[in-house]
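The values are calculated or read from the model by the stated rules, or taken from the named source; none is laboratory data. It should be emphasised that the depicted structure is a prediction, and the values quoted were computed from it without experimental measurement. Cβ placement follows ideal geometry from the backbone for every residue including glycine, while neighbour counts extend to all protein chains displayed. Just the protein is used for accessible areas: all its heavy atoms, side chains included, with ligands, DNA and RNA removed. Shrake-Rupley method; radii C 1.70, N 1.55, O 1.52, S 1.80 Å.
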Amino acid sequence: MYFDSPTKILQSPLLKMPPSTMHDNYPSTPGKVKVERSNYFGRVASRWHTTASTRLLACTAVLLTLTLFVFYRMSGTSGGAIDGGIVGRSVAAFKPTHQWELKVRQSCLPKRSEEEAMVVLVTGAAGFVGTHVSLALKKRGDGVVGLDNFNDYYETSLKRARQDLLEKHGVFVVEGDINDETLLKALFELGQFTHVMHLAAQAGVRYAMQNPGSYVHSNIAGLVNLFEICKAANPQPAIVWASSSSVYGLNNKVPFSESDRTDQPASLYAATKKAGEEIAHTYNHIYGLSITGLRFFTVYGPWGRPDMAYFSFTRDILRGKAINIYTGNGGKDLARDFTYIDDIVKGCVGALDTAEKSTGSGGKKTGPAQLRVFNLGNTSPVTVPTLVDILEKYLKQKAKRNIIKMPRNGDVPFTHANISYAQSQFNYHPTTNLDTGLKKFVKWYLSYYGVGTDHKLWLGDHEQIGQCNDAVRWTDFTTLTELYKPATEAGKRLPMYELADLHFSCQVARELAELEPQAQSAAAWNFEWSKGHFRLDNALLGEWRYSEECNLTLARELMAGLYFRQLLAGRDFAVNAGNIIERQIFSSAKQMQNYVYLVGDTKTREAVVVDAAWDVKGIRRLAAADNMRLVGAVLTHYHFDHTGGTPPPPFDQLGIKVPGIRELAVEDKLPVHVNRNDANTVVNSNGVPSANLNLLDDADVVSVGGVKLKFIHTPGHTPGSQCIYIERPQQDILISGDTLFIGSCGRLDFPDCDVKAMYNSLQKLATLPATTKVYPGHDYGGPHTTIAQEREQGFLKPMAERQWLRMHG
Ligand SMILES: O=C(O)[C@H]1O[C@H](OP(=O)(O)OP(=O)(O)OC[C@H]2O[C@@H](n3ccc(=O)[nH]c3=O)[C@H](O)[C@@H]2O)[C@H](O)[C@@H](O)[C@H]1O
């Protein structure tokens, strides 16, 4: 029987769903699967009216289906797996969502003329070189999307900080692995990349002895997977990728030229890079891919890699810890052609700009394609002891030097680049010497790790801070307590704001129960110190005290007479189901993450409920517990997850109704405030008596006691979508429904969506006061945002209408 095998039910209808009619009662969730009436569900429907028990079971099965349907549409916000670059770990299945697709598209949009602009996929974008190259491309107006698996080869907090930096500049970094074929296919389909800057790799020469598999996984298997996808793409992109100076291995002809032998790698890392160059030849030869390999020479600079010598030496010198300086045969100093990151970026961009198009089409070569390899070095090797001298100068601290013989772990005695080929092809001229470059690096290091002038007082080192951040993320309080012990001592002599920060962090390390009072005191130290309040919010959220967090934010408003509660499905209502059907409905509600709002006047004790659905009894109970009397229901739009009623096809045929506005209208006789353009659907699909409707237009006002709700008509997601604006003395409030989410907007791919109208609606919202606090219709990344925040990072960011229309296909 069909209800014995839910997976069968799930398979067929969800995967083949064409658009439906104008008034289908769609939910608004990320995901892009559309619903179709299938014969299968026709059959289910005909069985529906048989007996009471069948009906109950069928209902359960359908609700289960609905639950999974909802889940399917919502899951996978950032796309997939973090593999960690280790062979043996699998890459989890990737499921694109609507929001994910939008972010990719937005990030891909070039800002300069389409003829000259590139659309570049940068793999390893949260890495050192990847971050800098992505920023450079974005700044000059190219479309850029990043990809990174955020593996833990070194502190992931640094990678996350680079990601933040990129996202501030409009570069979306997709979290995923280059071995994830499904993810790459989805990305290429969306991005239509003209170029790929392939920088994702397992780096580090000496680590290859500890974890050889990770090099094979990323530098061989990952590279082949990427080439496979590129070869099949139409059009094929041109590829520029990171090889390494290490391919010269034991070559002793100086300087190293591209034509020198590269068949004596001294490390597995070098061997995998050399293999990459050969694999590139194959894909160029068979499939016509245009491929350029860049042999980087020991790249260094701000936002660098903590595993590299200049970085770890800096950390150890600051901690007063001894550093090992290796020497070669006969005690000879080792030397490297250290190359500053800005010069490398210029080389990468030069290589991209001069890359010819690939010649393949549909996976077949149609003519010879470009295949190049360039050295990107500095042409002036410096010994390791000299590097340490420079660091000492800028750190104003002597290093404790252990001079030891170079261990046999893959190192080579020296590197020295001949760059004449890159010079001739794209005018590559490095301009930063090691002294200047390290000065910039040290400046960045001190500021990034919060090392002030009195930096010796600062806790531990960057590694510890990274570990702390990671421990906070994983709520590993035992580790944190240990890590912060030295910080507590050091903190006593720090400036006020650092102390407050530190104080709070130290408390994080303690029991969760202590978190909130400590955060309270951190916030109280300086009322204007927004970070303190932010932390306080975080603390409460960390304790799952959402309602309090919300109430706290609104504490001042409450005192001024506004009653405002943000209720989340599955947390505040739609919990403790009374029967099996309710359980399924509540489970769907939880996955949909709908917010319901109670808004009213604390003096008259009257309130309206905004977007009541899923659990009317629960919502009524909450209002009553606050001693509030419900005097009306407000709709932001007609979709069933906001109003209740009939779910979308094919479930509409089955007689299941999600509780919502109808119950409030019929049983409680409440007026329903709805925009006139969504009114018919509310009557037809949601069964709300038309007599209860109060039809609204743009700028209409409804008063609840002394609180005035002003309606802003914001069509796009549905024809009658509307937002509710409440002016307050301190900070105005916008209940935005599905028009505006944190970082995105409601879906625009349903039959009665209007992409252009949504553009205009968002433009309208962008003109609201920047400080307006925005409460969205779903929890897609937090409880609230502000107009300013969305103007800076979300969908209120200025954008030409042409771009918007292109982005939404
Ligand atoms: O150009 C590359 O193709 C590679 O450059 C980089 O490798 P390397 O040139 O080895 O850089 P790095 O580790 O900074 O060691 C620098 C010097 O310090 C010496 N070194 C190192 C550690 C130590 O404790 N003591 C020491 O003397 C060490 O012996 C060496 O002489 C990248 O990591 C690599 O991913 C790859 O991109």
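Name the pairs whose Cβ atoms lie under 7 Å apart, with the first residue in the stretch 269-280 and in the same structural domain as R295 (by TED's automatic domain parsing) and more than 16 Å from G213 (Cβ to Cβ), the second in a helix (DSSP H, G or I) and away from the ligand (no atom under 12 Å from the Cβ), and 6 or more positions between them or separate chains?
Partner pairs satisfying both residue conditions: G276/L223; I279/L223; I279/V224; I279/F227.
Could you check N329 against (1) closer than 30 Å to T431 by Cβ; (2) among the polar types (S, T, N, Q); (3) outside the structural domain of K159 (by TED's automatic domain parsing) and say which number it fails?
It fails just one condition, (1).
Considering only residues that are of a type in the set (S, T, N, Q) and within 19 Å of G249 (Cβ to Cβ), look in the stretch 393-415 and name the one that is farthest from the ligand (Cβ to nearest atom). Quick ask: steps written out before the conclusion?
First, pick out the residues of the stretch 393-415 that are of a type in the set (S, T, N, Q): 397, 402, 409, 415.
So of that shortlist, the ones also within 19 Å of G249 (Cβ to Cβ) come out as 409, 415.
Working: N409: 9, T415: 6 Å.
Once the filter is applied, the top-ranked residue is N409.
Residues T194, T182: which one is among the polar types (S, T, N, Q), farther than 24 Å from G293 by Cβ and open to solvent by 40 Å² or more (accessible area, probe 1.4 Å)?
Working: T194 fails: farther than 24 Å from G293 by Cβ.
Just one listed residue meets the conditions, T182.
Taking C348 and the conditions (1) surrounded by fewer than 20 Cβ atoms within 10 Å (Cβ to Cβ); (2) within 16 Å of the ligand (Cβ to nearest atom), which numbered condition does it fall short on, given that it satisfies the others?
Failed condition: (1).
What's the number of the condition V224 fails, among (1) assigned to a loop (DSSP other than H, G, I, E, B); (2) open to solvent by 10 Å² or more (accessible area, probe 1.4 Å); (3) at pLDDT 95 or above; (4) away from the ligand (no atom under 16 Å from the Cβ)?
Answer for V224: the failing condition is (1).
Regarding Q202, is this residue at negative phi, touching a residue at least 24 places away in the same chain (Cβ under 8 Å), more than 16 Å from the ligand (Cβ to nearest atom) and part of a loop (DSSP other than H, G, I, E, B)? Steps first, answer last, please.
On the way: at negative phi: yes; touching a residue at least 24 places away in the same chain (Cβ under 8 Å): yes; more than 16 Å from the ligand (Cβ to nearest atom): no; part of a loop (DSSP other than H, G, I, E, B): yes.
In short, no.
Mind listing whichever residues of the stretch 695-706 are in a loop (DSSP other than H, G, I, E, B) and either at pLDDT 95 or above or within 20 Å of M758 (Cβ to Cβ) (or both)? Walk me through it before giving the result.
Filtering the stretch 695-706 down to residues in a loop (DSSP other than H, G, I, E, B) leaves 697-700, 705-706.
The answer is D697, D698, A699, D700.
Among the numbered criteria (1) open to solvent by less than 70 Å² (accessible area, probe 1.4 Å); (2) out of contact with any helix residue (DSSP H, G or I) (no Cβ under 6 Å at 6 or more places or on another chain); (3) more than 10 Å from the ligand (Cβ to nearest atom); (4) outside the structural domain of E278 (by TED's automatic domain parsing), which single criterion is violated by I390?
So the condition that I390 fails would be (2).
For the stretch 227-253: of the residues being open to solvent by 20 Å² or more (accessible area, probe 1.4 Å) and free of Cβ contacts under 8 Å to residues at least 40 places away in the same chain, which is nearest to Q264 (Cα to Cα)?
Result: N252.
Does G170 satisfy the criteria of being of a type in the set (G, A, S) and either assigned to a loop (DSSP other than H, G, I, E, B) or open to solvent by less than 10 Å² (accessible area, probe 1.4 Å) (or both)? Talk me through it step by step, then tell me what you get.
Working: of a type in the set (G, A, S): yes; either assigned to a loop (DSSP other than H, G, I, E, B) or open to solvent by less than 10 Å² (accessible area, probe 1.4 Å) (or both): yes.
Taking the combined requirement at face value, the residue satisfies it.
Scanning for something in contact with a strand residue (DSSP E or B) (Cβ under 6 Å, 6 or more places away or on another chain), within 23 Å of V701 (Cβ to Cβ) and aliphatic (A, V, I, L, M), does the stretch 781-788 turn up at least one residue?
Scanning the stretch 781-788 turns up no residue that is in contact with a strand residue (DSSP E or B) (Cβ under 6 Å, 6 or more places away or on another chain), within 23 Å of V701 (Cβ to Cβ) and aliphatic (A, V, I, L, M).
Determine which member of the set Q210, Q236, Q192 is within 23 Å of G367 (Cβ to Cβ) and either of a type in the set (D, E) or modelled with pLDDT under 95 (or both). Write out each step before concluding.
Numbers: Q210 fails: within 23 Å of G367 (Cβ to Cβ); Q236 fails: either of a type in the set (D, E) or modelled with pLDDT under 95 (or both).
The unique qualifying residue is Q192.
Considering only residues that are open to solvent by 20 Å² or more (accessible area, probe 1.4 Å) and part of a loop (DSSP other than H, G, I, E, B), look in the stretch 750-764 and name the one that is nearest to P648 (Cα to Cα).
P751
Identify, by number, the condition in (1) within 16 Å of the ligand (Cβ to nearest atom); (2) aliphatic (A, V, I, L, M); (3) within 29 Å of the chain's Cα centre (by Cα) that A335 doesn't meet.
(3)
Which is touching a His at 6+ places or on another chain (Cβ under 8 Å) and either open to solvent by 50 Å² or more (accessible area, probe 1.4 Å) or modelled with pLDDT under 85 (or both), of Q566, Q584, Q593?
Values: Q566 fails: either open to solvent by 50 Å² or more (accessible area, probe 1.4 Å) or modelled with pLDDT under 85 (or both); Q584 fails: touching a His at 6+ places or on another chain (Cβ under 8 Å).
Answer to the check: Q593.
Tell me which of these N219 doesn't satisfy, since it passes every other one: (1) farther than 24 Å from G304 by Cα; (2) part of a helix (DSSP H, G or I).
Condition not satisfied by N219: (1).
Which of the residues belonging to the stretch 699-718 are open to solvent by less than 40 Å² (accessible area, probe 1.4 Å) and either of a type in the set (S, T, N, Q) or touching a helix residue (DSSP H, G or I) at 6+ places or on another chain (Cβ under 7 Å) (or both)?
I712, T714, P715, G716, H717, T718
Within the stretch 774-789, restricting attention to residues that are assigned to a loop (DSSP other than H, G, I, E, B) and at pLDDT below 95, which residue is nearest to N594 (Cα to Cα)? If you could, list the steps in order and put the result at the bottom.
Quick first cut of the stretch 774-789, residues assigned to a loop (DSSP other than H, G, I, E, B) only: 777, 779-784.
Then drop every residue that is not at pLDDT below 95, which leaves 779-784.
On the way: D779: 7, Y780: 9, G781: 12, G782: 12, P783: 11, H784: 13 Å.
Top of the filtered list is D779.
Search the stretch 596-620 for residues being more than 14 Å from G660 (Cα to Cα) and outside any strand (DSSP E or B), and hand back the single one that is most open to solvent (accessible area, probe 1.4 Å).
Among those residues, the one meeting the criterion is K603.
From the set of residues in the stretch 790-809 that are assigned to a loop (DSSP other than H, G, I, E, B) and touching a Leu at 6+ places or on another chain (Cβ under 7 Å), which is modelled with the lowest pLDDT?
H808
Consider L709 carefully, then state whether it is closer than 18 Å to Y595 by Cβ, in a strand (DSSP E or B) and assigned by TED's automatic domain parsing to the domain that holds Q593. Walk me through it before giving the result.
Values: closer than 18 Å to Y595 by Cβ: yes; in a strand (DSSP E or B): yes; assigned by TED's automatic domain parsing to the domain that holds Q593: yes.
Considered against the rule, which asks whether it is closer than 18 Å to Y595 by Cβ, in a strand (DSSP E or B) and assigned by TED's automatic domain parsing to the domain that holds Q593, L709 comes out as yes.
Need the failing condition index for H637 against (1) open to solvent by 10 Å² or more (accessible area, probe 1.4 Å); (2) not in a strand (DSSP E or B), just the number.
So H637 meets the others, but not (1).
Residue under question is S703, and the condition is that it be under 30 Å from R605 (Cβ atoms) and either charged (D, E, K, R) or touching a Phe, Trp or Tyr at 6+ places or on another chain (Cβ under 9 Å) (or both); does it hold? Let's see the steps before the verdict.
Details: under 30 Å from R605 (Cβ atoms): yes; either charged (D, E, K, R) or touching a Phe, Trp or Tyr at 6+ places or on another chain (Cβ under 9 Å) (or both): no.
Answer is no for this residue.
If you go through the stretch 232-249 one residue at a time, how many are more than 16 Å from the ligand (Cβ to nearest atom) and polar (S, T, N, Q)?
2
Does A369 satisfy the condition of being more than 11 Å from the ligand (Cβ to nearest atom) and of a type outside the set (F, W, Y)? Spell out the reasoning first.
Numbers: more than 11 Å from the ligand (Cβ to nearest atom): yes; of a type outside the set (F, W, Y): yes.
Yes; evaluated as a whole, the condition is true for this residue.
Identify the residue in the stretch 271-327 that is under 23 Å from L387 (Cβ atoms) and of a type in the set (G, A, S) and, among all such residues, is nearest to the ligand (Cβ to nearest atom).
A309
When you scan the stretch 255-265, do you find a residue that is farther than 25 Å from G191 by Cα, within 12 Å of the ligand (Cβ to nearest atom), open to solvent by 20 Å² or more (accessible area, probe 1.4 Å) and not small (G, A, S), even just one?
Yes: one or more hits.
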